[in-house]
Amino acid sequence: MTTRQETTWFDTARFGMFVHWGHSSQRGCELSWPLVGGVTNLPFGGSVPVEEYHSTAFTFNPQQWDAKALARMAKDMGMQYAILTSKHHDGFSMFHTRQSDFSIEHAPYSQDIVRDFVAAMRAEGLRVGLYFSLIDWHHPDYPAFTESDKPYQFFNWKQPTPEQWERYTQFMFAQIRELLTNYGRIDVLWFDGGWERSIDQWKAYELEAMIRELQPEILINDRLPGFGDFDTPEQFIPAQPPARTWETCMTINESWGYNPSDTQLKSARQLIHALCEVAGKGGNLLLNVSPMGDGALPPEQVERLQTVGAWMAQHGESIVATAPGLEPWQFYGPSTRKGDCIYLHLLMQPYDSISVRGVPIKRVKSVQVLGSSQALAFSTRCAIVDAMFNPDPLGELTIPMPASAVDPYATVIKLEISPA
Ligand code: GLC
């Protein structure tokens, strides 16, 4: 396994935006999976005949797409980076490519969406990543997935001839080269679909060498078999933080692409709690949004993003650029730290007071409700001998919690500890 060793911006970015979008968003169905008849982990994925699925490539004309507005929104939410599906498993390129006609360039919209996205995010000071599916269910040499290949079966992939595979890998390398050459600096390459072929088939060592040569600073996720600078748990928060840098990607409902039949949306509060938990464990949350066929975000997503953004405006200090805080036995909830401050995330309603254990009680300088200037009273305790003879004892902090201090989404208490 090849992994970068040095620390980077990504280690403490904490919050990013994933954008799953393609021509299928016009139909309001999941990206790619419907064309192979669906997959169990996407309960609202549905099934669409192959030709019918691909046909909306020729009508894609997202007149409401506003990359600048999306970038502003991501920035206002305290997000540090954004990642767009430059090509999903369905093989449709959201960028201008010399390798095929199956791209946005030949759709009615014709403009290069990747270019637009990269420029807009960059202009807001965000880092930029591109999602790229290694699988291509449309390319004849992959070979393309057809109606007669249904149902999709894991571990029974249709195999190409050696000649076909040679042509496909050349095509794939050339597309990745385009993405890493034509758009300036790309911060993250987010592969997907690696499961259908082996390390050797993907020519993964050669591919990695090309990527690092074209973009020496780039981070590569763990979905190119055998490689990865970071782990990508999908739709869940790992029970124990992985050993290396990690990022949980998560949808607002149960779908990646715009899918109005999927009404199982998480509340803004659930999303905020996920963010607090991820930050408390030292990971990043890559929150997915799903533009519609016309390019606008669905209103039910906007509503949640705005609420998360308003919470972040007051509490972002406790999330972005933080390190994990206390040990689980010290406080009932996630916590983070930055400099001399510890941030406690209250994800359950407090009763009367909260307790923090094993802290240097004589050095607690202030206890504050983050986002308001409200200072909270507190009391401390420790073993009697420590109180008498230890100049810097560890002990217990009790903070009475007035109802007025409770935030409707997640209360954050900031402890300032003087240096020893
Ligand atoms: C899965 C799916 C894909 C989605 C991705 C995001 O592997 O195949 O549809 O884009 O996860 O993490």
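The values are calculated or read from the model by the stated rules, or taken from the named source; none is laboratory data. As the structure is a prediction and not an experimental result, all values here were calculated from the model. Neighbour counts are summed over all protein chains in view; Cβ atoms, including those assigned to glycine, are modelled from backbone coordinates with ideal geometry. Surface areas here come from the heavy atoms of the whole protein model, side chains and all, with no ligands, DNA or RNA. Shrake-Rupley method; radii C 1.70, N 1.55, O 1.52, S 1.80 Å.
Here GLY371 clears all of (1) part of a loop (DSSP other than H, G, I, E, B); (2) touching a Gly at 6+ places or on another chain (Cβ under 6 Å) except the condition numbered (2). Checked against the criterion of being open to solvent by less than 20 Å² (accessible area, probe 1.4 Å), under 25 Å from PRO225 (Cα atoms) and more than 16 Å from the ligand (Cβ to nearest atom), segment 116-137 has at least one qualifying residue. Filtered by the rule that a residue be touching a Ser or Thr at 6+ places or on another chain (Cβ under 7 Å), within 13 Å of the ligand (Cβ to nearest atom) and part of a loop (DSSP other than H, G, I, E, B), segment 218-234 gives ASP222, ARG223, PRO233. Listed by first and then second residue, the pairs linking a residue in segment 1-24 that is over 21 Å from VAL118 (Cα atoms) to a residue that is aromatic (Phe, Trp, Tyr) and modelled with pLDDT of 95 or more, with Cβ atoms under 8 Å apart and 6 or more places separating them unless they lie on different chains, are SER24/TYR53. Scanning segment 10-28 for residues that are within 12 Å of the ligand (Cβ to nearest atom) and either part of a helix (DSSP H, G or I) or open to solvent by 10 Å² or more (accessible area, probe 1.4 Å) (or both) yields a count of 1. Among the residues of segment 253-290, the ones that are part of a loop (DSSP other than H, G, I, E, B) and buried (at least 24 other Cβ atoms within 10 Å of the Cβ) come to 7 in all.
With the requirement that a residue be surrounded by 21 or more Cβ atoms within 10 Å (Cβ to Cβ) and among the acidic types (Asp, Glu), what does segment 210-231 give you? Answer for segment 210-231, where residues must be surrounded by 21 or more Cβ atoms within 10 Å (Cβ to Cβ) and among the acidic types (Asp, Glu): just ASP222.
Summed over segment 38-53, the residues that are more than 13 Å from the ligand (Cβ to nearest atom), open to solvent by less than 40 Å² (accessible area, probe 1.4 Å) and touching a residue at least 60 places away in the same chain (Cβ under 8 Å) give a count of 1.
Residue by residue, here is whether (1) free of Cβ contacts under 8 Å to residues at least 40 places away in the same chain; (2) in contact with a Pro (Cβ under 9 Å, 6 or more places away or on another chain); (3) under 17 Å from LEU326 (Cα atoms) holds:
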residue	(1), (2), (3)
CYS341	no, no, yes
SER353	no, yes, no
VAL356	no, no, yes
PRO360	no, yes, yes
SER404	yes, no, no
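Checking each residue in segment 176-201 for being closer than 29 Å to GLY46 by Cα and either within 16 Å of the ligand (Cβ to nearest atom) or surrounded by 13 or more Cβ atoms within 10 Å (Cβ to Cβ) (or both) picks out LEU189, TRP190, PHE191, ASP192, GLY193, GLY194, TRP195, GLU196, ARG197.
Each row is one residue, and each column tells you yes or no for (1) within 15 Å of ALA144 (Cβ to Cβ); (2) not in a loop (DSSP other than H, G, I, E, B).
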residue	(1), (2)
GLU52	yes, yes
SER55	yes, yes
GLN64	no, no
LYS68	no, yes
ARG72	no, yes
HIS89	yes, no
HIS96	no, no
SER100	yes, no
GLN111	no, no
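If you go through segment 62-70 one residue at a time, do you hit one that is open to solvent by 10 Å² or more (accessible area, probe 1.4 Å), away from the ligand (no atom under 16 Å from the Cβ) and either more than 24 Å from SER255 (Cβ to Cβ) or at pLDDT below 95 (or both)? Yes, that holds for at least one residue. Within 15 Å of the ligand (Cβ to nearest atom), of a type in the set (Phe, Trp, Tyr), in the same structural domain as LEU219 (by TED's automatic domain parsing) and farther than 26 Å from HIS23 by Cα: does that describe TRP246? For TRP246, the condition - within 15 Å of the ligand (Cβ to nearest atom), of a type in the set (Phe, Trp, Tyr), in the same structural domain as LEU219 (by TED's automatic domain parsing) and farther than 26 Å from HIS23 by Cα - is met.
The numbered conditions (1) open to solvent by less than 60 Å² (accessible area, probe 1.4 Å); (2) in contact (Cβ under 8 Å) with a residue 24 or more places away in the chain; (3) not assigned by TED's automatic domain parsing to the domain that holds THR59 are all true for ASP386 except (2). Across segment 343-373, the number of residues qualifying as open to solvent by 60 Å² or more (accessible area, probe 1.4 Å) and among the polar types (S, T, N, Q) comes to 2. The set of residues in segment 121-169 that are of a type in the set (Asp, Glu) and touching a residue at least 24 places away in the same chain (Cβ under 8 Å) comprises GLU124, ASP136, ASP141, GLU147, ASP149.
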